[in-house]
Structures are given as structure tokens and as C-alpha cells.
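Report on one structure; see the data block that follows.
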Amino acid sequence: MFGELFRVVTFGESHGPAMGCVIDGCPAGLLLAKADIERELRRRRPGQGGASTARNETDEPEILSGVFKDKTLGTPIAIVVRNADHHSADYENLRDLYRPGHADRTWEDKYGIRDHRGGGRSSGRETLCRVAAGAVAKVLLTGYGIAIRAWVSSIAGLDMPEPEAPDFDFDEIERNPFRVPGREGAERALAKIAALKAEGDSAGGIVSCAVTGVPPGLGEPVFDKLDARLAAAILSLGACKGVEFGAGFAAARSRGSENNDIPVLAEGGAGRLSLSFKTNNAGGILGGISSGQRLEFKAAFKPTPSISKPQQTADRGGAVREMIIQGRHDVCVVPRAVPVVEAMTALVLADFVLLQRAARLV
Ligand SMILES: Cc1cc2nc3c(=O)[nH]c(=O)nc-3n(C[C@H](O)[C@H](O)[C@H](O)COP(=O)(O)O)c2cc1C
């Protein structure tokens, strides 16, 4: 179960009959249409070209409970999506072999049994459940004026313009299959990903995320810090290997006089509520609590482990074997990770927005 007040559980295996989520704790009276969930699922859907797997799923959600006449009831919201386009025969050789870089062996060590078809629940397909739940959280957050936007800032070693750069184009992100902020970058990514695909190899990348409209005060000051909870949420995604907030790891090499964000009075404002900062090296969080600035973080994803190049591995008996991975895989997961990062961010923020309502009387 993920979350404290806005709680989510996901279910389903990649090649089982269906995947889905149950959200418990979503307040009653939220206007929620099926289209809100469909829109987000469409953004994560496979088979969209670019760096994505060719698995072609329609990912049509069905709301089983918790919503009546497009309004939440305050009861558990169950959403299910049927799996249709799975080719389980492609995974037959995974019964006894462990894919390098994947979770086959660790799942087996843990449970003594695993669903080898499509990676079971360790598959990237599990993230659709998070996107469905995140879509509900996003609707809740929209009511508070909070907007989450993620994009690919680096793919296969190609760095894209940062938001301050003149060639950073926000509108371009959802127009190209790599979700990079510029057409020229998308063309470079296309050539690089096509070359990797031809070689049967894969690549990693970085997803950047920015959240506007976050009020000051979200996050708990000790264990459940906003950055700690967000980091845990993002690191819970397969292939995510690191998260940094604001200046992140670069802050470790800078001086206090360079890194401190200087508070100033916001233009036209007066008093405590109109405080602003000259810079945002903190990424919008101080002491685990949102400062009211733009929330900014980056997530690093490793190269997709399933590659079609022949690789050495070991079988159940410990014998050295050569393996060629069949099945349809993302050459790079980051373009499809964009809506998933947004979803996890939404789930954490929705939880903290609700918790904050109990934090003070005035
Ligand atoms: C959106 C998304 C899509 C993914 N697609 C694939 C894929 O097609 N093939 C694959 O081998 N891994 C894929 N992964 C990564 C695996 O799920 C992940 O590497 C694996 O579970 C092992 O976990 P770890 O890398 O976090 O240790 C994907 C991850 C995400 C977030």
C-alpha cells in the first residue's frame, strides 16, 4: 500500500488477464471522468514508435467502483485495464534463465516462484496502474492549482536544453515520441535510438520534473519529508537509479554562498505570504517542506535491461548459458517514464495536500 491518506495498491502481472489499482482515501465529491484516466494512460501506452516497445495495447480503463455519475463517492476507487496484446511464447526461454540487469533472479530468491511471462509484475507494464491512480490524484491537485510537468532532459547520452535555454520548447514535449523539449533534439534522439535498435542494444536517460502551484507547507519535517517521500516514490519505478532535487549532486561541489537561495519580498507583495527567492537551488523544498517555489527534480534511468544482443547468463542450475531475449522491449524507457514520474509525483502531493489540512488550525 502506497500513501498515508490517499492510499494506492496496484495489482496484475504483465501477461495475466488484467492490471489495475485500488485507491482508498480519495475524498468524495471530486469530479472525475473516465476520460481523465484515459488521457494519462494514452500518454504511457506502448506502440507509439520512438524508443517504445511495439506491444500494442489499447489500455482502455474500466472504473469498477468509487465513482457515480462522474463524481467520486469517497469509497475505494477500483480501476482495471485488460491485457490484450501479450505474446507469452516469446518469454518461454525465461523459465530457467535469468535476464542480466532484470529482476528475475531476485524475485525467485524472494518468493521461490515467479511468473516469467513478460517479467510478471516486475514488468514496466505495472506502471500503467500507477498512471491510472496518478490520473485521479492529478484531478484532485488541479483543484488546488497544482500542475505537474515532466519531460526527457537526456536520452541515450544526448543532453537536451534546460528550461532556461532559449531553445527549450515546452509545447514540443508532447509532440515528439521522445518527449524532449525541442524538435532538433527529437531528430538527434531518433537517429541515436534507431542505431541502438539496429544493434539490439538499449540506453538510459534522465526525466526532469517541474511542479507549479505547490503551496508552502507540504511535507513533514522529520521522517516523511517531501523530498524523502518523492525520492522513494520515484525510486520505486523499475530502472530508476537516482533522484536529485534542485542543484542536486552539483550542490555538493558548490559553496554555501553560491548555493543558498536568498529570500526576497515578491514583487508587489508585503508580509510573510509574499516571500520569494532569488534562486531555486533547493528545488522548492527546505527542511522537507515545500517553500512555495517551483518543485524541481530529476530522475536517472538505466538502460533497458532486456536487449536482443546475445548475452552471457546463468541458468537455474548455475550453468553458464548464452541468451537471446525475445519479446518487445523499450529501447529506452525514459519517454514512457515521463507520465509515470508525473503520476508518482501526483500521488505523493495529493497525500500531502490532504495531510496538510490536518496540520494546523489557522
Ligand atoms: C515505463 C517503463 C518501461 C519499462 N520497459 C521495460 C522493457 O520494455 N524491458 C525491460 O527489460 N525493462 C523495462 N523496464 C525496466 C524494468 O522494469 C526494470 O529494469 C526491472 O524491473 C529491474 O528493476 P531495476 O532496474 O529497478 O533493478 C521499464 C521500466 C519503466 C519504468
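Just so it is clear, none of the values below were taken in a lab; they were calculated from the coordinates. This is a predicted model, so every value here is computed, not measured. Don't worry about glycine lacking a Cβ; one is built from the backbone with ideal geometry, like all the others, and counts go over all protein chains shown.
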In the Gaussian network model of the chain, springs joining C-alpha atoms below 10 Å, which of 105, 253, 149 carries the largest mean-square fluctuation?
-> 253
In Hz, Karplus ³J(HN,Hα) per residue of the stretch 35-44 (6.51, -1.76, 1.60; θ = phi - 60°; x = Gly, Pro) = 4, 5, 7, 4, 4, 6, 5, 4, 5, 8
Against the longest principal axis of the chain, how steep is helix 183-199, in degrees 0 to 90 to the nearest 10, with axes from Cα atoms?
-> 30 degrees
Counting sequence-distant residues (5 or more places) and residues on other chains, those with an amide H built under 5 Å from that of residue 276 are 264, 265, 266
Counting all Cα-Cα pairs in the chain, those more than 30 Å apart amount in percent to 41 percent
For 58, 127, ascending order of other Cβ atoms within 10 Å (fewest first) is 58, 127
Using helices alone, what [θ] at 222 nm do you get for the chain, with -39,500 (n - 2.57) per DSSP H run of 4 or more residues, divided over all residues and rounded to the nearest 500?
-> -7500 deg cm²/dmol
Per-residue HN-Hα couplings for the stretch 116-121, Karplus 6.51 cos²θ - 1.76 cosθ + 1.60 at θ = phi - 60°, whole Hz, x for Gly and Pro?
-> 6, 6, x, x, x, 8
Output ³J(HN,Hα) for the stretch 65-79: one whole-Hz value per residue in order, computed from phi by the Karplus curve 6.51 cos²θ - 1.76 cosθ + 1.60 with θ = phi - 60°, and x for Gly and Pro.
-> 7, x, 9, 9, 6, 6, 9, 5, 9, x, 9, x, 9, 10, 10
Fewest-first ordering of 160, 323 by Cβ atoms within 10 Å yields 323, 160
Go through 302-310, 201-209, 329-337 and give me the packing order, highest mean Cβ count within 10 Å leading.
-> 329-337, 201-209, 302-310
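Taking the Cα centre of the stretch 35-162 as origin and charging only Cβ (+1 Lys, Arg; -1 Asp, Glu), how large is the dipole, in debye to the nearest 20?
Rounded to the nearest 20 debye, it is 280 debye.
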Gap in Å between the Cα centre of the stretch 25-89 and the Cα centre of the stretch 224-254?
-> 27 Å
Could you work out the relative contact order of the chain, using alpha carbon pairs under 8 angstrom and six or more residues apart, expressed as a whole percent?
-> 23 percent
If we count GluC sites (Glu not before Pro) as exposed when they sit in a DSSP loop and have at most 13 other beta carbons within 10 Å, what is the longest stretch of the chain that avoids them all?
-> 1-163
Lone cysteines in the chain, going by a 4.7 Å Cβ-Cβ cut-off?
-> 26, 209, 240, 332
On Cα atoms only, tilt of 334-356 relative to the major axis of the chain in degrees | 40 degrees
Neighbouring Cβ atoms within 10 Å as the yardstick, rank 361, 218, 32 fewest first.
-> 361, 32, 218
Assigning unit charges at the beta carbon (Lys, Arg +1; Asp, Glu -1) and nothing else, what dipole magnitude in debye, to the nearest 20, does the chain show about its Cα centre?
-> 380 debye
Taking only Cα atoms and a 10 Å spring cutoff, compute GNM fluctuations for the chain and point out the largest among 103, 251, 137.
-> 251
Dipole magnitude (debye, nearest 20) for the stretch 210-355, charges at Cβ of Lys, Arg, Asp, Glu = 420 debye
For the chain, set up a Gaussian network in which alpha carbons nearer than 10 Å are linked by springs, and say which option among 113, 324, 23 fluctuates the most.
-> 113
